[in-house]
1. Are any residues in the stretch 144-195 part of a loop (DSSP other than H, G, I, E, B) and within 18 Å of residue 365 (Cβ to Cβ), and if so, which ones?
2. If residue 3 passes every condition in (1) part of a strand (DSSP E or B); (2) over 24 Å from residue 65 (Cβ atoms) but one, which one does it miss?
3. Spot the failing condition for residue 174; the list is (1) closer than 29 Å to residue 299 by Cβ; (2) at pLDDT 90 or above; (3) out of contact with any strand residue (DSSP E or B) (no Cβ under 6 Å at 6 or more places or on another chain), and only one is missed.
4. Out of 274, 306, report the one residue that is surrounded by 14 or more Cβ atoms within 10 Å (Cβ to Cβ) and in contact with a strand residue (DSSP E or B) (Cβ under 9 Å, 6 or more places away or on another chain).
5. What are the residues in the stretch 300-327 that are among the charged types (D, E, K, R) and either modelled with pLDDT of 90 or more or part of a helix (DSSP H, G or I) (or both), if any?
6. Is it true that residue 341 is of a type in the set (S, T, N, Q), crowded, with 17+ Cβ neighbours inside 10 Å and either more than 30 Å from residue 116 (Cβ to Cβ) or under 21 Å from the mean Cα position of the chain (by Cα) (or both)?
7. Only one residue in 74, 67 is surrounded by 24 or more Cβ atoms within 10 Å (Cβ to Cβ), in contact with a helix residue (DSSP H, G or I) (Cβ under 8 Å, 6 or more places away or on another chain) and of a type in the set (Val, Ile, Thr). Which one?
8. From 210, 153, grab the single residue that is at pLDDT below 95, on the phi < 0 side of the Ramachandran plot and over 19 Å from the mean Cα position of the chain (by Cα).
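The values are calculated or read from the model by the stated rules, or taken from the named source; none is laboratory data. Treat the numbers as computed from the prediction; the structure is a model and nothing was measured. Counting neighbours? That spans all protein chains shown, and the Cβs are built from the backbone with ideal geometry, glycine included.
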Amino acid sequence: MTIIPVSDTKTARKFLDVTDLIYQDDHNWIRPLDQDIEGVFDVNKNPFFKHGRCTRWVLNNDQGVTIGRVAAFINEKKAYQYEQPTGGMGYFECNNDQTAAFLLFDTAKEWLQQNGMTAMDGPINFGENDSFWGLLVEGFTPPSFGMNYNPDYYYNFFQTYGFKKEYEQITNHLAVRNPFPERFTKIANWVANKPGYTFEHFSKKNAQKYVADLMEIYNDGWKGFENFVPIKKETLEESFKKMEAIMDEKLIWFAYINGEPASFVVIIPDANQMIKGFNGKLGLLEKLKFVYRRWVGVSRMRAIVMGTKSAYQKHGLESALFIKLKEYVLPLDQYDELELSWVGDFNDKMLSIHHATGATFGKRHLTMRKIF
């Protein structure tokens with residue numbers, strides 16, 4: 001077997017197309033768009049290159065067939081916040097061969113060691129954790145847009161190699177057409193009608209305002225979590241730019257208390273239902289299909305991220321946001337499911353909100369660490 005660095009268009013194509021081999025018999029698999037994967041490794045598109053670096057490889061067997069891939073990266077803002085300098089590995093794919101898998105792991109490990117790291121987290125993304133993050137170990141159903149999906153045998157590879165679980169990522173599913181629990185609805189309506197509490201949905205015309213509000217809420221609400229790194233405005237702007245093709249402004253809601261940004265939820269229609277069968281491509285035919293499917297509408301939404309300022313985390317704002325969302329969604333008679341993804345098992349407050357809505361368990365991913 002031969003490890004080959006991705007250094008040109010030919011090897012970049014092999015990096016993308018190896019998934020055709022891995023998932024050829026998996027009907028749940030929905031291949032991400034090639035342009036989204038390549039964008040992660042493009043210094044002109046991924047803002048994480050301003051404070052990090054990455055590289056990637058493909059693995060060929062003795063017959064010259066590409067059977068695996070892996071990427072390794074260092075986020076300078078996070079690498080040194082841990083007990084040991086920790087890099088990342090991700091975009092791992094491999095056929096059911098432990099020798100091949102370990103060769104890919106070793107390759108990522110050696111590069112990280114050469115660059116001063118003494119541990120690696122994986123499988124993670126060279127970017128924000130709302131996309132391509134975590135190893136799926138439970139809930140092998142069709143993934144929503146941006147959510148990692150993998151064969152079940154990967155878990156054994158990671159465990160046997162010495163990766164240990166850092167935390168679990170829980171995704172819950174909410175049946176949109178079912179009424180919220182009575183207590184949840186009572187609290188939500190009470191909050192929504194409190195003096196000084198106002199609610200607005202996102203507007204592209206005022207995008208800069210809402211991006212700034214989201215950044216303010218997010219950085220305040222998440223500051224208490226271990227190893228938190230404040231999100232930058234340019235990162236959020238890039239994220240909203242990527243969402244623009246599928247965004248519905250009335251699925252993104254903000255709560256304000258006396259004019260102060262206090263809470264938000266970002267939800268998008270599930271683009272995987274729009275790109276299913278595209279095999280990663282987005283040529284003219286695929287674009288026409290995409291536009292048609294977007295116009296017809298999809299049946300699933302994905303909640304990418306929620307946040308509430310620390311001072312307002314017991315005010316019930318999240319319940320009111322869900323009520324506002326439902327007031328818009330139900331008359332559409334389109335959506336069946338809202339995927340609430342993903343919440344770390346350390347985030348008791350957010351998991352409690354999921355349960356209060358009546359959501360049920362959907363998927364479990366793991367973020368794992370290998371200490372060298």
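1. Within the stretch 144-195, 144, 145, 146, 147, 148, 149, 150, 151, 152, 153, 163 meet the criteria.
2. Result: residue 3 passes all but (2).
3. (3)
4. After ruling out the rest, the residue left standing is 306.
5. 300, 302, 309, 318, 324, 326, 327
6. yes
7. Working: 67 fails: surrounded by 24 or more Cβ atoms within 10 Å (Cβ to Cβ).
Only one candidate qualifies: 74.
8. Numbers: 153 fails: at pLDDT below 95.
That would be 210, the only listed residue that is at pLDDT below 95, on the phi < 0 side of the Ramachandran plot and over 19 Å from the mean Cα position of the chain (by Cα).
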